[in-house]
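Trainee: Shown below is the structure under consideration.
The values are calculated or read from the model by the stated rules, or taken from the named source; none is laboratory data. Predicted model only: the values in this text are computed from it and were never measured. No Cβ is skipped: glycine too gets one built from the backbone with ideal geometry, and neighbour counts run over all protein chains shown. What goes into the accessible areas is simple: the full protein's heavy atoms, side chains included, and nothing from ligands, DNA or RNA. Shrake-Rupley method; radii C 1.70, N 1.55, O 1.52, S 1.80 Å.
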Number of protein chains: 2
Amino acid sequence: MKNEIFLDNSSTTKPYDDVIDFMSQISKEVYGNPSSLHTKGIAAEREIKKARQLIADSLRAQSNEIIFTSGGTESNNLAIRGYLNPNPRKGKHIITTTVEHPSVMEVYQSLAGKGYTVDYLNVDNDGIISIDELKEKINENTALISIILVNNEVGSIQPIEQLVRIKNQINKNTVIHVDAVQGYGKMEIHPKALGIDLMSLSSHKIHGPKGIGAIFMNQSLKMSPIIYGGGQESMLRSGTENVPGICGFGKAVEISFANINNNHENVRKLKEIFVNSIMENIEKFKIISPINASPYILNVAFEGIKAEVLLHHLEEKSIFVSTGSACSSRKNIHSRVLRSMGVTSKYIEGAIRFSFSHFNTEEQIIKTVEALVDILPRIRKKPKLTN
Amino acid sequence: MKNEIFLDNSSTTKPYDDVIDFMSQISKEVYGNPSSLHTKGIAAEREIKKARQLIADSLRAQSNEIIFTSGGTESNNLAIRGYLNPNPRKGKHIITTTVEHPSVMEVYQSLAGKGYTVDYLNVDNDGIISIDELKEKINENTALISIILVNNEVGSIQPIEQLVRIKNQINKNTVIHVDAVQGYGKMEIHPKALGIDLMSLSSHKIHGPKGIGAIFMNQSLKMSPIIYGGGQESMLRSGTENVPGICGFGKAVEISFANINNNHENVRKLKEIFVNSIMENIEKFKIISPINASPYILNVAFEGIKAEVLLHHLEEKSIFVSTGSACSSRKNIHSRVLRSMGVTSKYIEGAIRFSFSHFNTEEQIIKTVEALVDILPRIRKKPKLTN
């Protein structure tokens, strides 16, 4: 454990020890059902309220604008379908991009068969949408635009401010949903100031527990649930609240935001060292992540290798990375995101996602480059000698 | 904490210490994303597999028949809509009962507006459906029957075997979904032997963590997800798996089933002592739970009181109970379940649900009756003197 180098932090992160301890404490001491009328229920409700406030504060939002879910995937599903279902007259045209997470993409694809016209915005080589294409696509019938803030495979940051400005010029009623799962807790995002209506958050990407997430929701929206029952979470997400999970998420938010700028700066330096060191020591590679991407994600393609082979050689040295995004990495297909960015097959095959945390150290980064220097020549396909 | 008497175990339970410790350990040591290709992912996947097997074994089912969800409410939603959505030609008639949990009732009510005809089976004074009414209602167009095994408010146990037998005589294609949230881990339930197609389970009702549940699913059913994304859980429940939650659930199942008969017998004795002691020491009450109900739930109505007032007096003595079911107890309405059973207003107002666990002791039961003896005369309405 001590010597392991975890560079797969966009897949998931190691929970803070304080998060784990707090969850244990809550599980032992505050085990009531928040719906119960007695003090055991009220104590649980009080802990949820604290966590909700921490998350609201982190977004400069109000606590009644935060709805807890079981994670980022459910948040994306609830934001999109929870808005569209009760608002059939707001338009039957919806927009997203070609570089979304599957939990947005699959929802959009399911809606395409149910009376919605879907437009997918293309991206350039940096993974960024074109504002001109956006202008062309939005119309008076556009109910919703769902866009990922920080791309989970390459780290590209979409121009949300610009998008909202253009949207407001063409159709003020179009609702904006932002999948902020890879950005939240790593950069300041203030949805209300940005004009974002719905935003998805996840806990386990910021050293919080798995199985918990949230959405920020503009209170003026009419929303309906996708899971029905006892009416918890302002009738939008039924089911006994995951009290320890919610508390653990709150704790992770508290810790992450207390150090958000330092963490960002430290990770930025790590990435800089990593990139410089690769450039000095390795040949035949291409940095796929754009220069102004989130420092937490660096996608690098190495020529003449299969990413999965490199991944396994790295894990023999206790270095953990990802090929493409984790949640689709078991599917043996070329990354949709990288294809959308125009990355050629030659590079896609050898694309590795290194994703960082403030728990990573400079020493780990140097060791990783040393490992690459050692492994790459051994696994690279030899050029065929032709005559 | 030490002297508290928690008799609200149908709302939620105190997690086993071993469950909490195991979850902490998994959170610290097995924090990988199960979808990751490296050993950190494989280790997480392996722990999920163990938990899935424990749950399958507890039901005498196969591990590929178990799908993890975020809890009982999601399980009920997924079972019902996940079956109906991809099977529009299996019939547009669906049946349930008048005494379901809101997570079934609300789903049925939402379907009633979407092309489905819904029949609600009535119950008798014991809270049990009528087989004759069932025979009348099932027809060749009946796609699904959803029924609660152990009622959450009174503990009545529905005659599932008989229901399945009748169903098979009239329409073999009708799918049976059983909400087993209040029965699982407290009595043996073997869905395959019983002819159950879908069954919902929850972890936090059996001293496992909140935020995790499962469904048993007959592999021959065509099902579709209600939450879309990365395709986890055999494409039926996307989202990064809640690994510590799943492991904690598995541990709770392991502990509960190792002692299932002993626990049941101990709780049966506690309830017997409780009932006898009430009969000896208290007047003007009515035991609403039928005699052959689950021993884990005892609903008793005390004349001339408001249940909420009694609840708060009991909690002053560190005794925690529920009025009606916890998840709807914040709504100030008379219990739908008790009304369905023909309980008159006089009793509904004073109905308290005592729900037990094997953690309860005989001493606690005696103290509870002593508390009732002390409180009831003080809070009972005085009969008005009329002339």
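Trainee: Scan segment B:10-36 for residues that are more than 7 Å from chain A (Cβ to nearest Cβ), open to solvent by less than 10 Å² (accessible area, probe 1.4 Å) and not aliphatic (A, V, I, L, M) and jot them down.
Mentor: Correct list: B:Ser10, B:Thr13, B:Pro34.
Trainee: Where in segment A:253-357 are there helices (runs of 4 or more DSSP H), lying fully within it, with 3 or more residues that are more than 14 Å from chain B (Cβ to nearest Cβ) and modelled with pLDDT under 95?
Mentor: A:336-340, A:345-348
Trainee: Residue by residue through segment B:100-139, note down the ones that are within 14 Å of chain A (Cβ to nearest Cβ), outside any loop (DSSP other than H, G, I, E, B) and out of contact with any strand residue (DSSP E or B) (no Cβ under 9 Å at 6 or more places or on another chain).
Mentor: Passing the criteria: B:Pro102, B:Glu106, B:Ser110.
Trainee: Going by what's in this entry, would B:Lys205 be described as crowded, with 24+ Cβ neighbours inside 10 Å and within 14 Å of chain A (Cβ to nearest Cβ)?
Mentor: Here the answer is yes, as B:Lys205 does meet what is asked.
Trainee: Given the conditions (1) facing chain A (nearest Cβ under 8 Å); (2) hydrophobic (A, V, I, L, M, F, W, C); (3) surrounded by fewer than 20 Cβ atoms within 10 Å (Cβ to Cβ), report the number of the one that B:Phe6 does not fulfil.
Mentor: (3)
Trainee: Taking B:Ile147, is it under 24 Å from B:Gly250 (Cα atoms) and either in a helix (DSSP H, G or I) or more than 10 Å from chain A (Cβ to nearest Cβ) (or both)? Steps first, please.
Mentor: Working: under 24 Å from B:Gly250 (Cα atoms): no; either in a helix (DSSP H, G or I) or more than 10 Å from chain A (Cβ to nearest Cβ) (or both): yes.
In short, no.
Trainee: Continuing with the same structure: Can you pull out every residue in segment B:198-222 that is in contact with a Leu (Cβ under 6 Å, 6 or more places away or on another chain) and charged (D, E, K, R)?
Mentor: none
Trainee: Continuing with this model, one more query. Would you mention how many residues in segment A:283-325 are within 19 Å of A:Ser156 (Cβ to Cβ) and open to solvent by 40 Å² or more (accessible area, probe 1.4 Å)?
Mentor: Residues that pass the stated criteria total 5.
Trainee: Continuing with the same structure: Among (1) outside any loop (DSSP other than H, G, I, E, B); (2) in contact (Cβ under 8 Å) with a residue 40 or more places away in the chain; (3) open to solvent by 10 Å² or more (accessible area, probe 1.4 Å), where does B:Lys49 come up short?
Mentor: For B:Lys49, the failing item is (2).
Trainee: Let me ask something else about it. Is it true that B:Asn76 is touching a Ser or Thr at 6+ places or on another chain (Cβ under 6 Å) and outside the structural domain of B:Ile227 (by TED's automatic domain parsing)?
Mentor: It is false that B:Asn76 is touching a Ser or Thr at 6+ places or on another chain (Cβ under 6 Å) and outside the structural domain of B:Ile227 (by TED's automatic domain parsing).
Trainee: State which residue pairs qualify: first residue touching a residue at least 24 places away in the same chain (Cβ under 8 Å) and closer than 17 Å to B:Ile288 by Cβ and inside segment B:119-140, second residue among the charged types (D, E, K, R) and not in a loop (DSSP other than H, G, I, E, B) in any location, beta carbons under 7 Å apart, and separation of 6 or more residues or different chains.
Mentor: That search, which allows pairs on different chains as well, returns B:Asn122/B:Glu133.
Trainee: Check segment A:154-177 and report whether any residue there is touching a helix residue (DSSP H, G or I) at 6+ places or on another chain (Cβ under 7 Å), assigned to a loop (DSSP other than H, G, I, E, B), among the aliphatic types (A, V, I, L, M) and surrounded by 21 or more Cβ atoms within 10 Å (Cβ to Cβ).
Mentor: Yes, there is a match, as at least one residue in segment A:154-177 is touching a helix residue (DSSP H, G or I) at 6+ places or on another chain (Cβ under 7 Å), assigned to a loop (DSSP other than H, G, I, E, B), among the aliphatic types (A, V, I, L, M) and surrounded by 21 or more Cβ atoms within 10 Å (Cβ to Cβ).
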